[in-house]
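Enquirer: Got a structure here, written out as structure tokens. Questions coming.
The values are calculated or read from the model by the stated rules, or taken from the named source; none is laboratory data. Keep in mind that this is a model prediction, so the values were computed, not measured. As a convention, Cβ positions derive from the backbone with ideal geometry for all residues, glycine included, and neighbour counts pool all protein chains shown.
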Amino acid sequence: MMQDEKTEDTKFPEANLATFITGMMMEGLVAIGEVENPIDKKKEFRQEHAKYIIDTLSMLKDKMSGGATTEELSMVDGILYELRMKYVAHKDGE
């Protein structure tokens, strides 16, 4: 059985901002060393990774306050369009 076939039974949570931010928080806790890394089973401080997560969450907070530019919104729209089209193409190709 291929890796992708195994994950078909996985139930994903609803895609929403709270779920996304919670995932980022958990990644930050792993990077800080507060939570065991599920891959290598270690608790260690990864400074650059932790800083990246904190900076990313800070940027998201700023953007949620109405700071997104037209270019950023257009970029996200373009990325979503491409991902959706690729998803449909792969799904229809099964």
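Enquirer: Are there any helices (runs of 4 or more DSSP H) wholly within the chain with 1 or more residues that are without any contact (Cβ under 8 Å) to a residue 24 or more places away in the chain and surrounded by 10 or more Cβ atoms within 10 Å (Cβ to Cβ), and if so which?
Expert: Counting at least 1 such residues, we get 17-32, 47-62, 70-92.
Enquirer: If residue 50 passes every condition in (1) at pLDDT 85 or above; (2) of a type outside the set (D, E, K, R); (3) more than 16 Å from the chain's Cα centre (by Cα) but one, which one does it miss?
Expert: (3)
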